[in-house]
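This report concerns only the one structure given below.
The values are calculated or read from the model by the stated rules, or taken from the named source; none is laboratory data. Note that the structure is predicted; figures quoted are calculated from it, not measured. Cβ sites come from the backbone with ideal geometry, for glycine too, and all protein chains shown count toward neighbours. When the accessible area is computed, the model is the full protein with side chains, heavy atoms only, and any ligands, DNA or RNA have been set aside. Shrake-Rupley method; radii C 1.70, N 1.55, O 1.52, S 1.80 Å.
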Amino acid sequence: MPDTHAKTPLRKGFLRSFIRWLVIGVVLLWSFAALILVAARWIDPPTTAVHMQRHLQALIRHAPYHEHYQFVPLSQISADLQHAVIAAEDARFYQHHGFDWHQIQIAAEDDLEGDRTRGASTITQQLVKNLFFGTGRSILRKGAEASLVPVAELVLGKRRILEIYLNVVEWGPGIYGAESASYHYDGTAARNIGRQQAARLAAILPAPLTRRPERMNNYSAIILKRMSQMGW
């Protein structure tokens, strides 16, 4: 007869060892991501998970891929463009600490009613997702993202969060950041973008691979109205 009593402790020991090393691996990965956020206080990110994801997707499809990414200081991005993106993506950016619980409640209620029309992710959450997780969706990703958002808020601060986000966010196929987007769509530097142009650029952020500024008349008008309501 096989010695089942001897096999059971071996299986339990293997399971405990696996769980222990899994936890250690997760902690090390989280710590590494947190250190990257600390470094990002002074060092501009050379790339992001979204940039690498798009490059890999192009390689798999054997499609041409040309990346346009130029990091510029926040002072070189027009105030109108900064305000338009905040109005479009995260109106309470300067009031919350990484999570907009009011918007989360609204989104949850819309989900229950089967009529969700808006997202609840803040600019800080979107930045963390862009830097580390790409565009995929999963419960595990959301949990990891949520654990890094307070770190980003603490070590970076609002100005640096906005600066990095505006520079790394996807603004079209292979187009990353306000400077590249401004030259691509309007033929000028980000510092020269006016109010109307800014609203149109901000309007394509929810779906940058399919939207174009010249087609966003209705949504850009809504963004302009929000800017006026916010005193901008």
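Residue count for the range 187-205 satisfying the condition of being outside any loop (DSSP other than H, G, I, E, B) and closer than 15 Å to Arg215 by Cβ: 7.
Name the residues in the range 86-104 that are over 16 Å from Lys225 (Cα atoms) and not in a helix (DSSP H, G or I), would you? Break it down stepwise before answering.
Of the range 86-104, the ones over 16 Å from Lys225 (Cα atoms) are 93-104.
Passing the criteria: Phe93, Tyr94, Gln95, His96, His97, Gly98, Phe99, Asp100.
Taken over the range 36-85, the residue count meeting the criterion of being open to solvent by 90 Å² or more (accessible area, probe 1.4 Å), in contact with a helix residue (DSSP H, G or I) (Cβ under 8 Å, 6 or more places away or on another chain) and assigned to a loop (DSSP other than H, G, I, E, B) is 3.
Of all residues in the range 25-35 being open to solvent by 60 Å² or more (accessible area, probe 1.4 Å) and modelled with pLDDT under 90, which is nearest to Gly136 (Cα to Cα)? Looking at residues that are open to solvent by 60 Å² or more (accessible area, probe 1.4 Å) and modelled with pLDDT under 90, I get Val26. In the range 159-217, what count of residues is obtained for those that are under 23 Å from Ser228 (Cα atoms) and polar (S, T, N, Q)? The total comes to 5.
Table: residues versus (1) under 24 Å from His184 (Cβ atoms); (2) modelled with pLDDT of 95 or more.
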{"residue": "Asp3", "(1), (2)": "no, no"}
{"residue": "Lys7", "(1), (2)": "no, no"}
{"residue": "Arg11", "(1), (2)": "no, no"}
{"residue": "Trp21", "(1), (2)": "no, no"}
{"residue": "Leu37", "(1), (2)": "no, yes"}
{"residue": "Arg54", "(1), (2)": "yes, yes"}
{"residue": "His66", "(1), (2)": "yes, no"}
{"residue": "Tyr69", "(1), (2)": "yes, yes"}
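For the range 105-151, a residue qualifies if it is assigned to a helix (DSSP H, G or I), loosely packed, with under 13 Cβ neighbours inside 10 Å and at pLDDT below 80, and the qualifying residues are Gln105, Ala108, Glu109, Asp111, Leu112.
If you go through the range 159-171 and keep only what is out of contact with any Asp or Glu (no Cβ under 8 Å at 6 or more places or on another chain) and either at pLDDT below 95 or closer than 14 Å to Val85 by Cα (or both), you end up with Arg159, Leu162, Glu163, Tyr165, Leu166, Val168, Val169, Glu170, Trp171.
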